Amino acid sequence: MFIRALIALLMLPGVVAFFAPCAWIWYAHLILIFPAGFALVALGSIALLWCARDFYVSGKGTLAPWAPPQQLVIIGLYRYSRNPMYVAVTLILLGWAISFLSIALLIYAVIVLAAFYIRVVYGEEPWLVKMHGEAWLQYTRRVRRWL
């Protein structure tokens, strides 16, 4: 299971939050302008790893749709946001955009955020209601979707 969790982390948020932005930075020959933006990249990375760990340890699953947590994860950052991994990836993307003062990376971050919203509202939340029932509904009354 650990290998599946690691592969999921590398394949999903790894590609979206790191490979794609770094590929664009390289392709567009962007120059680092505001290094303090890396603080958001670091903060988002720490949050992402924390959440992936909670999915693995507490939820007995991974962040991948093909091996989701079997138990509702409500510990760690999930006490403050129902979707802290998506928030973390968005922070990482904003960090890249700020660091390189790139409109293209900012647009990419906004598109990814919109995709997250659609996925959460129309895909994940209905599935979570079916999977966890009343426990999910109680959780949604205590914890906000994003922040």
Handout entry: Compactness of the range 96-147 - radius of gyration and Dmax, Cα, Å
Key = 15.4, 45
Practice task
Treat every Asp and Glu Cβ in the chain as -1 and every Lys and Arg Cβ as +1, leave all other atoms uncharged, and give the resulting dipole magnitude about the Cα centre to the nearest 20 debye.
Solution key: 340 debye
Problem - All Cα pairs of the chain, percent lying beyond 27 Å - result: 24 percent
Fill in the blank from the handout: Subtracting the Cα-Cα distance of R141 and H29 from 0.36 nm times their residue separation yields 35.7 nm
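Multiply the residue gap between W50 and V120 by 0.36 nm, knock off their C-alpha separation, and tell me the result in nm, one decimal place.
23.2 nm
Using 0.36 nm per residue of separation minus the Cα-Cα distance, give me the extension gain between K130 and V15 in nm, one decimal. Mind showing how you got there, number by number?
Working: separation 115, 0.36 × 115 = 41.40 nm, distance 2.92 nm.
That pair, K130 and V15, stretches by 38.5 nm at full extension.
FYI, it's all coordinate maths here, none of it is from the lab. Quick caveat, the model's predicted, so the values are computed rather than measured. Please note: Cβ atoms are built from the backbone with ideal geometry, for glycine as well, and neighbour counts cover all protein chains shown.
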